[in-house]
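The structure appears right after this line, and notes come after that.
The values are calculated or read from the model by the stated rules, or taken from the named source; none is laboratory data. Worth saying up front: this structure is predicted, and the values here are computed from it rather than measured. All Cβ positions, glycine included, derive from the backbone under ideal geometry; neighbour counts span all protein chains shown. Accessible surface areas use protein heavy atoms only, side chains included; no ligands, DNA or RNA. Shrake-Rupley method; radii C 1.70, N 1.55, O 1.52, S 1.80 Å.
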Amino acid sequence: MRFKNILFLGFISILGAQFSLAQDSTPAASPSVMSSPSPPQSEPQPENSLLKIIGVLKEKGTKKRLSGVSVFILPEKLKTVTNSKGEFVFDSVGKGQISIVVNVPGYQKLEEPITLKTNIEVRFYLEKNSYQSYETTITDKARGNDVVVRSLKREEFLTLPGANGDPVKAVQNLPGVARTGFSSNIIIQGSAPQDTSYLLDDLSVPLVFHFGGLTSVVMPEAIDSVDYLSAGYGPEYSRAMGGIVGLHTKTPTFERTKGLAFVDTMKSGGLIEGPIDEKSSYLVSARYSYLGYVLAAALKDNDQFDLTLAPSFYDVSAIYFNHLNASDDFKFTTITSHDELKFILKQPVKTDPSIRGNFDNETSFVRFIPQWTHKYSDESQGKISLGLGRDWVQVDFGSNFFQLATYVADLRAEQEARYTKSWTSFFGVDSKFQHSDYSFQLPSFSGQGGVRNPISTGQTINAMVSRDDVDPGFYFKNVFDLTSLKLEHKLMPSLRLDYFTQTHQTLLAPRISDRYQMSESLTLKAATGIYYQPPQPQEIDSNYGNPNLRAPYAYHFAFGVEKDFKENRPSGFNLTAGPFYKNFQNLVIQSSRVNNVGGVLTPERYNNEGTGEAYGAEILLKWQAKNVSSFISYTLSQSSRTEPDAGTHLFQYDQTHNFNWVASFDRGNWKYSSRLRFVTGNPQTPITSAVFDSDNDVYIPVRGAIYSSRLAPFFSADIRIDKKWIYETWILSAYLDVQNLTNYKNPESVTYSYDYSQNQTVNGLPLLPTLGLQGEF
């Protein structure tokens, strides 16, 4: 622990040194916007000779060199234009009083008087009208021709209210994404949490959030964009009946060495990036959370448990990019993420005396992702990448435990081939290899309707397992460009082939999508297909689950319309809307049956007899003006499941209404943003009574109709205020992000007394302010 602290403090010290060393060494030309004149190195000029002015024009705060900018000298009416490095030269300027003038749209006008007596070198910093990003950059245009993808760019998610600068939390504002409370999962369009797959640079990672959904596992400033793929996504991805959330890391800058450091009430960290040489660049970032120390201090006098949580999480990422030649690029990304939570229960839980003692939850993973891209032409390229790493999960509670170490080797490759002007195909490989070593001592118990029986009533199972899973996947995608009259029309039939080692199945999944532009401002899109995923490891484990399970799957149908009401005007509305439908088959459900297997009575524990469906409609309405941005996302949906013993009932995460309104206003270097959120409460299974189990000294709940009641609706008002102070060579930012401004008591779950005769609602987060400072150079 001390070593981690030393490493972190050392990183911040290096980052601080960069602030002081990164000052521009060029002499300035005035106290305000340029440095003091440097004395000429040559002999004094004759009284009537013409003089030379050599200058550099940069953006104030960022030190970005401004190219192609006109620079004037008045009253002589001289003009020149900055080159690619922001440099400019005036060769023949008369002595005396002059003014250097720069007037560029989007920047404050610069007019600097100078008394010219000799040759001088100057440097000017041009200040932008606003350093706040206010444009709503939710992009519905397909990445890689996928018609259902929505992307959030870095400029959007960094200042989105309620997201606290996080890309994945920002995705939760989009239509179709269910509210998850304290969960670290993303739930998409009525699917289960485990039906969502997470990717980093198109390679799988085990999780995308740190513990409790506080923040994603990569520093936001290292992310270029986040993609959200819902019903009807393309053949490039698989193993997810719900959808995909993918993070794409940025290419480190070649412009100059730059970075940032920040500290807020929950965490701190920093990032540095820059060029190595003309062809390569780098980026390194790290974050450390001390929220655990805060909670431990706040709960130190609690009689129920001791909390020892240090740290809550840390993550480190590094990116190396090399432009090998005109046709080839190489990128290497690595990430390490670690979460840890420890506490000691001093007293047993009233409903279950077996739960007491130590609780330890540790989750970590590391990934090494080399990527090579080869460009055949401006319209054709090939790409291959690997995802190599290790996942680690450890959970200890009382005498029970679960430990899992997984070694991962993923392969992704794609080859583009263009046969004709209107026909392009993509051949791809998306394969996974995993070697897993796991051991556990866990009770097997019933949890029907989201209400589990006391752990002590279940049979304790012990096992140590080592297994290999090889899941090769291949896809063939065609893009037929049927564009006519300059109106885009792309038909995209495709085929996906997967083999799942866990179920020993070869699975063929046809998919097709269509994007048709009816006019310059109106586009229709549709997509459908079959989507398979393997059962969860615990479900198919021969010791704890049922090794004879088959892969569950879903049919997806999605239709959408995009209407741009702006029609080339700078402000106005943009609408994306449409229905979706998912039909689930072979769903894995718990079973209490006992089967005769080879003359031995064996608990079935799980089977594939579950089915379900989810359907609804989504609306995303965006409004954009010069310095105001707003969008409304709304989902109307219903999700249900059918089980032999319980009939058809609402799904555990069904949310009829999910409404988000996000707005932001930019005024100079201030930005004000807010979010209002209303979501239907999740279904609950009522407890009607309880039966006493004398063998285990606990009460067993008697359930009413499965998911027949609901929690109260969720409501939250969030605000965020950002302020920037612009200095010549760096920027200081302050931000205040307040979640649940009204301190509304939102119910998240229900707890019961030991005999289930009384219950109490567990509320979500209260008013939660986050105050932070950030310096950029």
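Structure notes:
- Of all residues in region 216-228, at least one satisfies being among the aliphatic types (A, V, I, L, M), within 30 Å of residue 85 (Cβ to Cβ), open to solvent by less than 30 Å² (accessible area, probe 1.4 Å) and in a strand (DSSP E or B).
- Residue ranges of strands (runs of 3 or more DSSP E) in region 43-124 with at least 2 members aliphatic (A, V, I, L, M), at pLDDT 90 or above and surrounded by 15 or more Cβ atoms within 10 Å (Cβ to Cβ): 51-59, 70-74, 96-102, 110-116
- Of all residues in region 649-677, those that are within 14 Å of residue 177 (Cα to Cα) and β-branched (Val, Ile, Thr) have Cβ atoms under 7 Å from Cβ atoms of residues that are outside any strand (DSSP E or B) and open to solvent by less than 40 Å² (accessible area, probe 1.4 Å), 6 or more apart or on another chain, in 656/680.
This table checks each residue for (1) modelled with pLDDT under 95; (2) open to solvent by less than 50 Å² (accessible area, probe 1.4 Å).
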residue: 635; (1), (2): no, yes
residue: 638; (1), (2): no, no
residue: 641; (1), (2): no, yes
residue: 646; (1), (2): yes, yes
residue: 650; (1), (2): no, yes
residue: 653; (1), (2): yes, no
residue: 679; (1), (2): no, yes
residue: 727; (1), (2): yes, no
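- Selection from region 677-700 of residues that are in contact with a Pro (Cβ under 9 Å, 6 or more places away or on another chain) and assigned to a strand (DSSP E or B): 678, 679, 687, 688, 689, 690, 691, 693, 698, 699, 700
- Meets criteria (loosely packed, with under 13 Cβ neighbours inside 10 Å, in contact with a strand residue (DSSP E or B) (Cβ under 8 Å, 6 or more places away or on another chain) and either at pLDDT 90 or above or not small (Gly, Ala, Ser) (or both)) for residue 39: no
- Subset of region 411-441 (residues that are within 27 Å of the chain's Cα centre (by Cα) and of a type in the set (A, V, I, L, M)): 411, 413, 429
- Checked against the criterion of being in contact with a Lys or Arg (Cβ under 6 Å, 6 or more places away or on another chain) and open to solvent by 30 Å² or more (accessible area, probe 1.4 Å), region 581-597 has at least one qualifying residue.
- Residue within region 532-539 that is buried (at least 20 other Cβ atoms within 10 Å of the Cβ), among the charged types (D, E, K, R) and assigned to a strand (DSSP E or B) present: no
- Among the residues of region 615-663, just one is outside any strand (DSSP E or B), small (Gly, Ala, Ser) and either under 24 Å from the mean Cα position of the chain (by Cα) or farther than 25 Å from residue 577 by Cα (or both), namely 646.
- Of all residues in region 451-475, those being over 30 Å from residue 497 (Cα atoms), in a strand (DSSP E or B) and of a type in the set (Gly, Ala, Ser) number 1.
- Flag if residue 455 is free of Cβ contacts under 8 Å to residues at least 40 places away in the same chain and surrounded by 15 or more Cβ atoms within 10 Å (Cβ to Cβ): no
- Count of residues meeting criterion [open to solvent by less than 40 Å² (accessible area, probe 1.4 Å), of a type in the set (Ser, Thr, Tyr) and within 29 Å of residue 185 (Cα to Cα)] in region 243-265: 1
- Flag: residue 389 does not match the condition of being touching a helix residue (DSSP H, G or I) at 6+ places or on another chain (Cβ under 9 Å) and either in contact (Cβ under 8 Å) with a residue 12 or more places away in the chain or aliphatic (A, V, I, L, M) (or both).
- When every residue of region 428-450 is checked against the conditions, at least one turns out to be part of a loop (DSSP other than H, G, I, E, B) and in contact with a Pro (Cβ under 8 Å, 6 or more places away or on another chain).
- Filtering region 767-777 to residues that are at pLDDT 85 or above and not β-branched (Val, Ile, Thr) leaves 767, 769, 771, 772, 773, 774, 775, 776, 777.
- Under the condition of being open to solvent by 60 Å² or more (accessible area, probe 1.4 Å) and without any contact (Cβ under 8 Å) to a residue 40 or more places away in the chain, the residues counted in region 693-712 number 3.
- Some residue of region 160-167 being modelled with pLDDT of 90 or more and open to solvent by less than 20 Å² (accessible area, probe 1.4 Å): no
- Among residues of region 407-418, those that are within 29 Å of residue 207 (Cβ to Cβ) and in contact (Cβ under 8 Å) with a residue 40 or more places away in the chain, counted: 4
- Members of region 563-593 found to be without any contact (Cβ under 8 Å) to a residue 40 or more places away in the chain and either touching a Pro at 6+ places or on another chain (Cβ under 6 Å) or assigned to a strand (DSSP E or B) (or both), listed by number: 579, 583, 585, 586, 593
- Matching residues in region 419-428 - criterion: being touching a residue at least 40 places away in the same chain (Cβ under 8 Å) and either of a type in the set (S, T, N, Q) or open to solvent by 40 Å² or more (accessible area, probe 1.4 Å) (or both): 421, 422, 423, 424, 425, 427
- In summary, strands (runs of 3 or more DSSP E) completely within region 267-308 and bearing 1 or more residues that are at pLDDT below 60 and surrounded by 15 or more Cβ atoms within 10 Å (Cβ to Cβ) occur at 305-307.
- Taking every residue in region 605-630 that is more than 16 Å from residue 672 (Cα to Cα) and in contact (Cβ under 8 Å) with a residue 12 or more places away in the chain and pairing it with any residue that is open to solvent by 60 Å² or more (accessible area, probe 1.4 Å) and outside any strand (DSSP E or B), at least 6 positions away or on another chain, the pairs with Cβ-Cβ distances below 8 Å are 608/550; 609/644.
- Residue match in region 524-534 (condition: touching a helix residue (DSSP H, G or I) at 6+ places or on another chain (Cβ under 8 Å) and touching a residue at least 60 places away in the same chain (Cβ under 8 Å)): yes
- Matching residues in region 498-511 - criterion: being open to solvent by 70 Å² or more (accessible area, probe 1.4 Å) and touching a Leu at 6+ places or on another chain (Cβ under 8 Å): 499, 506, 508
- Of all residues making up region 664-676, the number that are open to solvent by 20 Å² or more (accessible area, probe 1.4 Å) and either assigned to a strand (DSSP E or B) or closer than 16 Å to residue 620 by Cβ (or both): 6
- Hey, residue 525 at pLDDT below 95, in a strand (DSSP E or B) and in contact with a Lys or Arg (Cβ under 7 Å, 6 or more places away or on another chain) or not: no
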